[in-house]
Amino acid sequence: MNADCSGKHGRRQLREGLKAAGQFDEFQVAGRLFPVACVALEITQRCNLDCTLCYLSENAEQAYDVPLVVLFQRIAMVHRRYGPGATIQITGGDPTLRKVEDIEALCQEIRRLNMRSCLMTNGIRANRPFLARLAQAGLNDVAFHVDLTQERVGFESESALNAVRKDYIGRARNLGLRILFNTTVYPGNLAEVPALCQFFRSQARYVSLVSFQMQADTGRGAADKRDIALTQDVLSDHISAGFNVDFPSKMGIGHSECSRYDHLAISGDRAVSFLANKALLKRVISTLEHVDTSGRVVADLPDMIRKAPLCDPIMVLRFATELLKMIWRLRSGLWAGRGRVSRMSVVLHSLMDAKALVTERCEACVFMVATSTGPVSMCEFNAERDAHLFKPVSLNADGKETWWSAATGQMTDTPYYGLPPSPKFKQMKGRERAAEMRRRGKPI
Ligand code: SF4
């Protein structure tokens, strides 16, 4: 076990992975400023939707929820590996299907260890009192997943779904939470991405980060396989058109085939990148590399810059010049937006197909999953979900080793290695359900 909880060990490991992949140039902040972008803590496999591009396994609905004692062990493991400042995504399935008291306890523990928490939800059960309780318990961020892959009844387009997004913003605003949105992009909604970016830009006052995740051939979802015409470049062009910026910035937040990033200043209907000046960006990154950023995340970059020793007269002059250029480029928006400027991070993430994992990307992964045997790259985890989910978990209760299994939900003296029973029709989701519906001659 690594006794150093500063996150330096995790940072070194990520740096080595990125170097081996030829991805550690002077614009790379992963492995320099943080040891991991986030770690997913899956607290349930149950979900109240059946997304057509769901990454869960066919047996997910049959899995028992991981007990709190095991989740606490995993949080401690994340802290040991990545140190304070790391972000833990409380996710699932949909995590809101668990008792709010359980999620409160997790938020409190994550906060106690000086890490950050983010609730990843489809929002259906996340009403304002629910979110207010979690904010009170120390939750930092709420990330709403809303898009057409969820097949929400009555919503036939991404623009129609903006009503849902606005409702969710209303539930979460002024609670001290950062509001994030996730969108899965596939051929069915690609054309709407520019308009969606414009919607997010109009909500920049409330929304801190938007993440576009490309369709991947992994999990139980009933949709067709990845469309090879939908590439990162194509999606980047759509994002660029929507925000009217040159997306992505030069700054790397991991392997370039996995993630792309920009951080925007937005006013009215104008957006400009904070990261457009490459020389300045390079200088800031190399200065911050030697500052103890305690593994803080990319979203906190402006805060880190404020604290960094970047205040020599030449740098102050360069920052001032850059600021003036940004104000000039924002000018029409500043007028319309009555001088208000908001910040928004934009992320493009591209998970791998389960049957086409690229080792060098997995070894430079910035998006991990907490398992009982340590953090695992999300793509690797997705490719072998059942093997990870149903592996018996060792627990030490009163000095006696016991085992917990997600297949039975039981604690036993000896480990149980089986899978849960096959799902009944009502519990089926994704491809399996679609196939059964076809077999029964019912419309899908
Ligand atoms: S989860 Fe997959 S796509 Fe994302 S950073 Fe890790 S290896 Fe890359």
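Across the cross-link table entries 8/282; 391/426; 278/325, which are compared at the Cα atoms, the separations over 18 Å belong to 8/282; 391/426. Each 5 Å bin from 0 upward holds the following percent of the Cα-Cα pairs of region 40-163: 2, 11, 21, 22, 18, 14, 8, 3, 1, 0. The helix-only estimate of mean residue ellipticity at 222 nm for the chain, built from DSSP H runs of length n ≥ 4 each weighted as -39500 (n - 2.57), is -10500 deg cm²/dmol after division by the residue total.
The slack in the chain from residue 101 to residue 244, taken as 0.36 nm per residue of separation less the alpha-carbon distance, amounts to 47.2 nm. Between 212, 264, 70, the Cα set farthest toward the positive side of the dipole of region 8-387 (charges on each charged residue's Cβ, about the Cα centre) is that of 264. Considering only 279, 407, 265, the mean-square fluctuation computed in a Gaussian network model of the chain, springs between alpha carbons under 10 angstrom, is largest for 279. When the solvent-accessible area of region 392-442 is split by element, carbon and sulfur atoms take up 51 percent of it, the probe being 1.4 Å. Using a 1.4 Å probe on the protein heavy atoms, what percent of the accessible area of region 8-387 belongs to carbon and sulfur? Reported share for carbon and sulfur atoms: 52 percent. Computing Rg and the Kirkwood Rh from the Cα coordinates of region 8-387 gives a ratio, Rg/Rh, of 0.94. With protein chains left intact and a 1.4 Å probe, residues in region 8-387 average 41 Å² of accessible area per residue. Summing Cβ point charges (Lys, Arg +1; Asp, Glu -1) relative to the Cα centre of the chain gives a dipole of roughly 1140 debye.
Toward the positive end of the charge dipole of the chain, with +1 on the Cβ of Lys and Arg and -1 on the Cβ of Asp and Glu, the farthest Cα among 51, 279, 18 is that of 279.
Averaging the sequence gap over all C-alpha pairs within less than 8 Å and six or more residues apart, then dividing by the number of residues, gives the chain a relative contact order of 21 percent.
Other residues within the sphere of radius under 10 Å centred on the Cβ of residue 344, judged by their own Cβ, net out at +2 (K and R +1, D and E -1). Positive-end ranking of 82, 406, 241 along the dipole of the chain, with charges on Cβ about the Cα centre, is headed by 241.
Applying 0.36 nm per residue to the separation of residue 233 and residue 424 and subtracting their alpha-carbon distance, the gain on full extension is 64.6 nm. Taking every protein chain into account, the 1.4 Å probe leaves residue 400 with about 100 Å² of accessible area, to the nearest ten.
Each Lys and Arg Cβ is given +1 and each Asp and Glu Cβ -1; about its Cα centre, region 359-444 then shows a dipole of about 940 debye. Taken about its Cα centre, region 1-148 carries a charge dipole of roughly 660 debye when the Cβ of each Lys and Arg holds +1 and the Cβ of each Asp and Glu holds -1. Region 399-436 and region 139-184 have Cα centres spaced 31 Å apart.
The values are calculated or read from the model by the stated rules, or taken from the named source; none is laboratory data. Because the structure is a prediction, the values reported are computed rather than measured. Every residue, glycine among them, receives a Cβ derived from its backbone with ideal geometry; neighbour counts consider all protein chains shown. Remember, those area values only see protein heavy atoms, side chains included, never the ligands or the DNA or RNA. Shrake-Rupley method; radii C 1.70, N 1.55, O 1.52, S 1.80 Å.
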